[in-house]
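The values are calculated or read from the model by the stated rules, or taken from the named source; none is laboratory data. In this text the structure is predicted, and so the values were computed from the model without any measurement. In this analysis, Cβ positions are derived from the backbone assuming ideal geometry, glycine residues included, and neighbour counts consider all displayed protein chains. Each accessible area value is taken on the protein alone, full model and side chains, heavy atoms only, with ligands, DNA and RNA left out. Shrake-Rupley method; radii C 1.70, N 1.55, O 1.52, S 1.80 Å.
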Amino acid sequence: MFFHGGGWVIGDLDSHDVVCRQLAVAGALIVISVDYRLAPEHKFPAAADDAIAATRWIAANARELGIDASRLSIGGDSAGGNLAAVVALAARDAGGPALAGQVLIYPATDFAMTHGSHREPETSVLLTHSVIRWFRDHYLNGAADIHDWRASPARAQDLAGLPPAFVLTAGADPLRDEGNEYAARLAQAGVPVTTRHYPGQFHGFFTMGKLLQQANVAVGEIGAWLKDIG
């Protein structure tokens, strides 16, 4: 299952159709892309609720969909990586559905936005700190939501018992440090974690395979990882 990026405000099935097809080919798997509700028309926790509900529905209807529920993985980029992390936490706490893995592609994990990478000049490419604030203000209802793990999965006190994770970060990305920190916390909690860092890339590069060969490399690495855990 794939949750598209776009700051919980933009993006849709079409914006990520190509990369979902690439992942399907690279991993020899079925990719189900989720069209969750967007802000500001639908504020937090609408996107998280939709992602959780969609995951539960797909697991419950796996037979009709022709998929193996025991090999269900989740993933997404940016806001979608945030939602994938949230779904993993929700599934663990609810006792299911069981998830084989989670793919977090430069995920947003903490709406406090205080990590050092938010303030580096080198990370002000395409997605900037001010743009993230704009997305945050459209998605969240107010400052109190920052502390809710359904918005900021890094605010979850315990990350133990979560499915194996593939965490991808980019060097010129304001979200770099929070993604790396979340990966480290997962590992400390005993979760098997594979990390991949692209020091010369920026936020959003993953969907630019037509222009950037490293995007295609990343897709291939994720596909291979999904094959291994399946």
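Once a ≥ b ≥ c are taken as the square roots of the eigenvalues of the Cα gyration tensor of the stretch 14-62, is the result rounded (a/c under 1.5), prolate (a/b larger than b/c) or oblate (a/b not larger than b/c)? It comes out oblate by the Cα gyration axes. Comparing Gly80, Gly142, Gly11 in a Gaussian network model of the chain, where Cα atoms under 10 Å apart are tied by springs, the biggest mean-square fluctuation is seen for Gly142.
Accessible surface of the chain, 1.4 Å probe: 54 percent of it comes from carbon and sulfur atoms. Taking the chain as a Gaussian network of alpha-carbon nodes connected by springs under 10 Å, the highest mean-square fluctuation of the residues Ala108, Ala60, Ala85 belongs to Ala60. Compactness check for the stretch 155-202: Cα Rg over 2.2 N^0.38 Å is 1.16.
Which percent, nearest 5, of DSSP beta bridges in the chain are antiparallel?
5 percent
Using only helices, what value at 222 nm comes out for the chain when you add -39,500 (n - 2.57) per DSSP H run of length 4 or more and divide by the total residues, to the nearest 500 deg cm²/dmol?
Taken over the chain, the calculation gives -12000 deg cm²/dmol.
Placing a label point 7 Å from the Cα of Asp137 along the Cα-to-Cβ direction, the residues of the stretch 8-51 with a backbone N closer than 19 Å are 8-10, 39-44.
Taking springs between alpha-carbon atoms closer than 10 angstrom, which of Val131, Val19, Val167 fluctuates most in the Gaussian network model of the chain? Per the Cα network of the chain with a 10 Å cutoff, Val131 tops the list.
Could you let me know the centre-to-centre spacing of the stretch 81-151 and the stretch 179-210, using Cα atoms, in angstrom? Spelled out, the Cα-based centre of one part sits 13 Å from the other.
Each DSSP beta bridge with both residues in the stretch 101-203 is either parallel or antiparallel, and the antiparallel ones are about 10%. Solvent-accessible area per residue in the stretch 1-53 equals 44 Å², computed with a 1.4 angstrom probe and all protein chains kept.
Spacing of the modelled spin labels on Ala112 and Thr195, each 7 Å from Cα toward Cβ, amounts to 1.9 nm. With θ taken as phi - 60° and the Karplus curve 6.51 cos²θ - 1.76 cosθ + 1.60 applied, the whole-hertz 3J(HN,Hα) list for the stretch 151-160 is 9, 10, x, 5, 7, 5, 5, 10, 9, 5 Hz, x standing for glycine and proline.
Anisotropy class assigned to the stretch 10-127 is prolate, per the alpha carbon gyration tensor with a/c at or over the 1.5 cut-off and a/b larger than b/c. Computed from label points 7 Å out along Cα-Cβ, the spacing between Ala184 and Asp68 is 3.6 nm.
Across every pair of non-identical alpha carbons in the chain, the mean reciprocal distance, once inverted, gives a Kirkwood radius of 17.2 Å. Distant-in-sequence amide contacts of Phe166, defined by a placed amide H-H separation under 5 Å and a gap of 5 or more residues or a different chain, comprise Gln102, Val103, Leu104, Thr194.
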